[in-house]
Amino acid sequence: MPVAVLTLRLRLSGCASLKEKRSLIKPVLSRLHREFNLSVAELGSQDRHHEAVLGFAALSADATQNTRLLQQAITFIQTHFPHLEVVEDHIELI
């Protein structure tokens, strides 16, 4: 059973504090979990208010479907959350 993992490095424009960062990131994670049924978490840069590293995991019987789902999640972030700039993305199949 293939697992696909997406790691995203984001830049948060106009974010001035860790509290503000949390208020921006938390709705993104819950919405992606709800819309795409992905496992989601903030993985890194937790002490920096202007950037975030997010991780997503997809599990299904088809590796192509997993990859497509994660690519759709990237596009969703870019279109629905203009305050987040995707600096780097990496999809890995396990």
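The values are calculated or read from the model by the stated rules, or taken from the named source; none is laboratory data. Quick caveat, the model's predicted, so the values are computed rather than measured. Every residue, glycine among them, receives a Cβ derived from its backbone with ideal geometry; neighbour counts consider all protein chains shown.
A few remarks follow.
- Among the conditions (1) over 16 Å from residue 71 (Cβ atoms); (2) outside any loop (DSSP other than H, G, I, E, B); (3) aliphatic (A, V, I, L, M), the only one that residue 16 does not satisfy is (2).
- The number of residues in segment 1-36 being in contact with a His (Cβ under 9 Å, 6 or more places away or on another chain) and either more than 27 Å from residue 63 (Cα to Cα) or basic (Lys, Arg) (or both) comes to 14.
- Inside segment 19-41, residues that are in a strand (DSSP E or B) and either in contact (Cβ under 8 Å) with a residue 40 or more places away in the chain or crowded, with 17+ Cβ neighbours inside 10 Å (or both) make up a count of 1.
- When residues of segment 46-94 are limited to those that are surrounded by fewer than 15 Cβ atoms within 10 Å (Cβ to Cβ), modelled with pLDDT of 85 or more and among the charged types (D, E, K, R), the one nearest to residue 2 (Cα to Cα): 92
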